[in-house]
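Values in this text are rule-based calculations from the coordinates and carry no lab data. Since this is a predicted model, take the numbers as computed values, not measurements. Cβ placement follows ideal geometry from the backbone for every residue including glycine, while neighbour counts extend to all protein chains displayed.
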Amino acid sequence: MAEQRGQRPGGTGGRGGRATGGRDDRRQSSGGARGAAPRGQAAGRSRDDERRGRGGAGAAAGAPTGRGRSGERDQQRSGGRPPRDRDAAKREPRVDQAVYDGPPLPDEVTGRELDRAIAAQLKGLPEKLAARIARHLVAAGQLIDDDPETAYRHALAARARAPRLAVVREAAGEAAYAAGHYSEALAELRAAKRMNGATAYLPIMADCHRALGQPEQAIKLAKSPSVVGFTAEAKAEMTIVEAGARRDMGQFDAALRTLELAPLTSKSRAAWVVRLRYAYADTLEAAGREADALTWFHRTQAIDSEELTDAAERAAALEQKLGD
């Protein structure tokens, strides 16, 4: 089976054409939780958000108040009201009403299902607004596996209401990725990263570059210094994406070397080890080393008790081919 681009990190083919670990596993590896939106890495509110939410605290924080002479004249013309930021509308385009409304929200989704860490990031918003956003985020998290397009629309509805919250942009990015909207996913995750400085998005961002036909950019992200500090699981995801990018460029030997530097022989039976071994077996077969591929499909099958991959079927097919 040919290696697939544009899958969630960790996927070089698996059961039913899905990535080898399933979306839940990878969403959790980058901070998400089933039934809830992905977790952000920080409060995610910009200083502008905080100043507006505190009703005048911006002045104490050194924010411009518009009370110079020109500001006073503007206030006089507007009946004493603060001058409008005329550039704000230009910076933030109007949102289509259908996008803002989003899909219908299930009655059973209250928003209280949201992870506490995520809910805490909505506390600076008006109560009703926060509740609506929470419901859209919960709905997106619940649908992302079975109906990613509707999940994406829920995430867009949340983003339309709070575009300056990193956790909302992260949710939109992951839902866009699941729905196959790779340009949008990349833009949303870049925005989230600018807001909170998190690097957990890098494997997904790199895979978006692959799906968009930009393997060089994927490799560039894989070489980011921050990858050194990743958990073993996150490193494995990035390794698989980097190897896939090498394959996209026809560099099969380089792809194999990339995977061989990973802990393929780890005694762990964790999903990320399963995915690493599967990626290695798949790349060996693509490189024409079918006997070696068969060995590694068997090694994958040996630890894949949850049948996350189709390693057993791939091994059987190779056995029949090599036996003929």
task: Grab the beta carbon distance between Ala98 and Leu212, set R0 = 30 Å, and tell me the FRET efficiency rounded to 0.05.
output: 0.70
message: Rounded to the nearest angstrom and ordered from largest down, what semi-axes does the equivalent ellipsoid of the stretch 177-256 get from its C-alpha gyration tensor (root of 5λ)?
response: 20, 16, 9
statement: Phi angles of the stretch 246-252, converted by Karplus (6.51 cos²θ - 1.76 cosθ + 1.60, θ = phi - 60°) into ³J(HN,Hα) in whole Hz with x for Gly and Pro, give 4, 5, 4, 8, x, 9, 5
- prompt: Based only on Cα atoms, what Rg/Rh ratio does the stretch 101-160 have, Rh being taken as Kirkwood's radius?
  reply: 0.94
- prompt: At a Förster distance of 30 Å, what's the computed FRET efficiency of Glu306 paired with Lys223, Cβ-Cβ distance as r, to 0.05?
  reply: 0.40
- line: Normalised Cα Rg of the stretch 218-308, dividing by 2.2 N^0.38 Å with N its residue count, works out at 1.04
- prompt: With a 10 Å Cβ neighbour count serving as the proxy for reagent exposure, in which order, fewest first, do Arg269, Arg289 appear?
  reply: Arg269, Arg289
statement: Quick note on Met249, Met195, ordering by fewest other C-beta atoms within 10 Å, gives Met249, Met195
field: Over the stretch 136-225: Kirkwood hydrodynamic radius from C-alpha pairwise inverse distances, Å
entry: 12.9
message: What percentages make up the Cα-Cα pair-distance distribution of the stretch 115-272 when the bins are 5 Å wide from 0?
response: 2, 10, 16, 18, 18, 14, 11, 7, 3, 1, 0, 0
statement: Under the Karplus relation with 6.51, -1.76 and 1.60 and θ = phi - 60°, whole-Hz ³J(HN,Hα) for the stretch 124-130, x at Gly and Pro, equal x, 8, x, 4, 5, 5, 4
field: Proxy reagent accessibility, fewest Cβ within 10 Å first, across Asp115, Asp107, Asp146
entry: Asp107, Asp146, Asp115
